[in-house]
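Participant: One structure, pasted below without further comment.
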Amino acid sequence: MTQQSITDQVSGTTVPGRLRAVLAEVSATGIDGLTEVELLEVVALLEMTKGAAAAAQARATARFVEERDARVAEMAAAEEISRREASLRRRATRSEVALARRCSPGQADRHVGAARALVHELPGTMAALTAGEISEWRATIVVRETVCLSPERRREADRRLAGGLRDLGDRALAAAAHRACVDLDQESVVERRRRAAASRHVSVRPAPDGMAWLSILGPLIDVVGAHVALRAAEQARHVATGDPEADAAAADDERGSGAWMTDTALELLSGRAPGQPQPVEIGLVMREGVLLPGERSGASAGAGGADDEVEVPGHGALAGDLAREHVLRLLDEGDDRDGETALWLRRLWTTPDGRDIVAVDSRQRLFAGRLRRLIELRDATCRVPWCDAPVRQVDHVRPVARGGETSASNGMGVCQRHNLDKEAPGWRAEVISTGLDPGGGPHEVRLTTPAGEVRCLAPPLLGLGRAERRPVVEQPSALEARLLALLDAA
């Protein structure tokens, strides 16, 4: 019996059935007993398999989107739906691709664009990807660099790149594709640069060890100019100015060039002088034992204990030592500046195991103020799976028009894209667990789309990746008693 007949017998002859069988076989592949040559051959064959799978995925993506868009266009032409609803349906279609690919909607938009380009405008690149000769990333490079060309010129660029598509490095391939674009249509390249300038932005993302990246996407000349100016200022600090105090301070500064440039850039961007507190709120979610570990006993009495858990909502974990240093620095700055630094304590009520937040000090019952802050703390980022976008809107899961209440249990933090998507035809959201139901469990929303459904679970208050905690019943510590008295009196 052949492998194909076994596959057909087990899973049927449908394409999804055969792909499930292939997935099961790849997942069950063992490598014990293979020689070094065979191990490398397995690595190479699996890399080719990934490329071929990406090509099939691109064809399926393009067909799905085109058929759905064509149906929406027919409905709009027949005036069965408005232009606004047609736009909403097309955007929701891309969000369905995001759920299928387990990525954010922004990534799905790029996947859809790449799939359509590979299927219709880049036959040579698509053939190499289908044969497993290149990776999905290398195909994406060609798509990205030739996006400004017309379909006819894009096919010509694809033909010119065929010779180096399989052998050039990633940077060399991108450079070759760019040269082809300049040679074929300089005006489109110039216009692309002009449009790119409109997409300039600033972003922040967490980095290891309690650090973060602040990224500025801007015109090349301006960004390079800013970096050169900053480097020149750093080098100038080593030149004597003739001012004894300034020269002595520069000599005592032990920061390296990178640290000095970073500190200076952040001070300039935030509009504050060294030592001046930032006029913004940065939430640190922690247990009371983290702030003053001496008030606790057992494993949490020192740094790194079981209770030494701190979370910066939406950005990630922070070590307890760093959180304490940050709070002490704020207090010191407040003392130096006549107590101008504001340090707030706010009670958060959680489930007994500390996983889920269920309430916060609040007197409001709208998705504003402290109630909104509660949901932002609970959800951290957009609740739809695989979307890491920050919470931009807090909306009712069950709409007010259908009797939905304005409460934490009926609220969900989402990005703007998903807040619009869930209003599209065929999309529906429903609260499955409020987070306060008997038996426990986090706040959960079931999101139904035309193609299926996904679970939207609220993340743990202190983030995933920590050890599971069991409820502990104990008497309030002296610190707890003081904090409760202070908060009750506020």
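Participant: Amide H neighbours of residue 396 under 5 Å, at least 5 residues apart or on other chains, H built in the peptide plane: list them.
Facilitator: HN-HN under 5 Å from residue 396: empty list.
Participant: Extension gain residue 69-residue 243, at 0.36 nm per residue separation less the Cα-Cα distance, in nm?
Facilitator: 55.7 nm
Participant: Could you tally the net charge around residue 186, taking each other residue with its Cβ under 14 Å from the Cβ of residue 186, Lys/Arg +1 and Asp/Glu -1?
Facilitator: Net of charged neighbours comes to +1.
Participant: How big is D, in µm² s⁻¹, for region 82-131 by Stokes-Einstein at 10 °C and 1.306 mPa s if Rh is the Kirkwood radius over C-alpha pairs? Present the calculation step by step, with values, prior to reporting the outcome.
Facilitator: Details: Rh = 12.0 Å.
Once the numbers are plugged in, D ends up at 132 µm²/s.
Participant: First compute the accessible area of region 49-164 with a 1.4 Å probe, then give the percent of it belonging to carbon and sulfur atoms.
Facilitator: Summing carbon and sulfur atoms, their accessible area is 50 percent of the total for region 49-164.
Participant: So if we plug the beta-carbon distance of residue 41 and residue 451 into 1/(1 + (r/R0)^6) with R0 = 51 Å, what FRET efficiency do we get, rounded to 0.05?
Facilitator: 0.85
Participant: For region 155-252, what percent of Cα pairs sit more than 24 Å apart?
Facilitator: So the portion of pairs separated by more than 24 Å is 58 percent.
Participant: Further question: Given axes a ≥ b ≥ c from the Cα gyration tensor, I'd like to know whether region 166-217 is rounded (a/c under 1.5), prolate (a/b larger than b/c) or oblate. Show your work: numbers first, answer last.
Facilitator: Details: a/c = 6.87, a/b = 1.58, b/c = 4.34.
It is oblate, given that a/c is not under 1.5 and a/b is not larger than b/c.
Participant: What distance in nm lies between label points placed 7 Å from Cα along the C-beta direction at residue 22 and residue 198?
Facilitator: Rounded to a tenth, the inter-label distance reads 4.0 nm.
Participant: Taking the Cα centre of region 146-231 as origin, work out the dipole magnitude from +1 charges on Lys and Arg Cβ and -1 charges on Asp and Glu Cβ, in debye rounded to 20.
Facilitator: With only Lys, Arg, Asp and Glu charged at Cβ, the dipole is about 60 debye.
Participant: Restrict the search to region 57-147; then list the GluC sites (Glu not before Pro) that DSSP places in a loop and that have at most 13 other Cβ atoms within 10 Å of their Cβ.
Facilitator: Of the GluC sites (Glu not before Pro), the ones in loops of region 57-147 whose Cβ has at most 13 other Cβ atoms within 10 Å are 79, 80.
Participant: Next question, about the same structure. Once phi is turned into θ = phi - 60°, what whole-Hz ³J(HN,Hα) does the Karplus curve with 6.51, -1.76 and 1.60 give for every residue of region 147-155, x standing for Gly and Pro?
Facilitator: For region 147-155, the Karplus curve yields 5, 7, 8, 5, x, 5, 6, 5, 5 Hz.
The values are calculated or read from the model by the stated rules, or taken from the named source; none is laboratory data. Treat the numbers as computed from the prediction; the structure is a model and nothing was measured. All Cβ positions, glycine included, derive from the backbone under ideal geometry; neighbour counts span all protein chains shown. Each accessible area value is taken on the protein alone, full model and side chains, heavy atoms only, with ligands, DNA and RNA left out. Shrake-Rupley method; radii C 1.70, N 1.55, O 1.52, S 1.80 Å.
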